[in-house]
Amino acid sequence: MVSDDPRWIVGLDIGGTNMVVGLIPFSGGEPRGLKKEKTLPLRGGEDVVARAAVMVRESIDRVPEAKAGGVVGIGIGSPGPLNRASGLVLETPNLGWRDFPLRDLVSRATGLLATLDNDANCATYGEWWQGAGRDARTLVGLTLGTGIGGGLVMDGEIHHGASDAAGEFGHMTIDTTGRKCKCGNYGCLEAYASGPNIAARAVEGLESGTESVLTALVDGKTDEITAATVYEAVVLGDSFAEEVMKETAKVLGVGIANLVNALNPDAVVIAGGVTRAGDHLFVPLRKEVRRRAFRSAVEACRILPAALPETAGVIGAAGVFKKETFGAI
Ligand SMILES: [Zn+2]
């Protein structure tokens, strides 16, 4: 994407654990001046905004081309639910904010025009603009982390729904009487396939007496098992960890089969630590989708790992700013 347009856009991706800032060339391209810091949401929203504004200033200082060419604004990605029109974050269990005017506070603190969208929408938009979902007319994005975020891009537009709440694919029910989810529902996809829930299922198996290398990997402290420990054990050839991963692939396959039948996407892009399991995840996952969804829909759909695991959120947030402010991307 070579362009003579000298302008730049800031992307700010706020997560429950980290926040990331980067500068994106107006016509697209690699982020520059990337900065990452702990969000520390318990210090309060105003404190997060003040630190984010410092990161933005430092980021711009590090990229002389951006200083020279001009920074036109900042796109913000934040956990939701949120209201894009008012720029309010309505409530975020992960950040502890309620009706927080994030967009306007960031705008004031940085002196830049700002837009606000859901973080998972931004990540999906970033993969559509410059990542694994390029050229997809209908793109489903799933981010497996502390929770499961989802996003849907159709014909180059994020689908927001009637009240900006669309795309919560992690909370589709896959088992009517299943595990309790943080959202209050039972049997959500997230209750099985988020990082902490992958770990929790492994720990439950060990507590019922299953032998596994997992126990040795954490020196017997099973409460220290994370999803990353499970992948590590899979790579070591541990059969129990392999079972946990197969179950993860199965539930994800059920969820994705539902999405494939409902939306007929060209591509489903999966981001998050779980993709490090590679074929241990993707082979049984694709098989499960094939088994459940309509053949014509399955054959039209690529199921891929994300291409921009670290930066899709920042790139997408900047992309949202550009699209909303200038009408095209
Ligand atoms: Zn849920």
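The values are calculated or read from the model by the stated rules, or taken from the named source; none is laboratory data. Fair warning: this is a prediction, and the values are worked out from it, not measured in the lab. Cβ sites come from the backbone with ideal geometry, for glycine too, and all protein chains shown count toward neighbours. For accessibility, only protein heavy atoms count, side chains too; no ligands or nucleic acids. Shrake-Rupley method; radii C 1.70, N 1.55, O 1.52, S 1.80 Å.
For region 24-44, which positions are part of a helix (DSSP H, G or I) and out of contact with any helix residue (DSSP H, G or I) (no Cβ under 9 Å at 6 or more places or on another chain)? Residue satisfying the conditions is L42 alone. For region 312-329, residues that are open to solvent by 20 Å² or more (accessible area, probe 1.4 Å), of a type outside the set (D, E, K, R) and either in contact (Cβ under 8 Å) with a residue 40 or more places away in the chain or in contact with a Ser or Thr (Cβ under 9 Å, 6 or more places away or on another chain) (or both) total 2.
In contact (Cβ under 8 Å) with a residue 24 or more places away in the chain and open to solvent by 20 Å² or more (accessible area, probe 1.4 Å), is that true of I198? Considered against the rule, which asks whether it is in contact (Cβ under 8 Å) with a residue 24 or more places away in the chain and open to solvent by 20 Å² or more (accessible area, probe 1.4 Å), I198 comes out as no.
For the condition open to solvent by less than 20 Å² (accessible area, probe 1.4 Å) and over 24 Å from the mean Cα position of the chain (by Cα), A249 does not qualify.
Across region 177-194, the qualifying residues are those that are open to solvent by 20 Å² or more (accessible area, probe 1.4 Å) and within 13 Å of the ligand (Cβ to nearest atom), and the one among them that is nearest to P81 (Cα to Cα) is C183. One residue alone among A136, A114, A85, A52 is of a type outside the set (F, W, Y) and out of contact with any strand residue (DSSP E or B) (no Cβ under 9 Å at 6 or more places or on another chain), and that residue is A85. From the list E157, E204, the lone residue that is open to solvent by 50 Å² or more (accessible area, probe 1.4 Å), away from the ligand (no atom under 16 Å from the Cβ), under 22 Å from P81 (Cβ atoms) and out of contact with any Leu (no Cβ under 9 Å at 6 or more places or on another chain) is E157. Restricted to region 57-145, the set of strands (runs of 3 or more DSSP E) holding at least 3 residues that are crowded, with 24+ Cβ neighbours inside 10 Å comprises 71-78, 114-118, 138-144.
Screening L217 on (1) within 16 Å of the ligand (Cβ to nearest atom); (2) touching a residue at least 12 places away in the same chain (Cβ under 8 Å); (3) farther than 21 Å from L263 by Cβ; (4) of a type in the set (A, V, I, L, M, F, W, C) shows it passes everything except condition (1).
Can we say A165 is more than 14 Å from the ligand (Cβ to nearest atom), of a type in the set (G, A, S), open to solvent by 20 Å² or more (accessible area, probe 1.4 Å) and over 22 Å from P309 (Cα atoms)? Answer is no for this residue. Selection of region 158-192 for residues being closer than 20 Å to A267 by Cα and touching a residue at least 24 places away in the same chain (Cβ under 8 Å) yields I158, H160, G167, F169, G170, M172, L189. What are the residues in region 258-277 that are part of a helix (DSSP H, G or I) and in contact (Cβ under 8 Å) with a residue 24 or more places away in the chain, if any? The answer is N258, L259, V260, N261, L263, G273, V274, T275, R276, A277. Scanning region 220-236 for residues that are exposed (fewer than 14 other Cβ atoms within 10 Å of the Cβ) and of a type in the set (F, W, Y) yields a count of 0.
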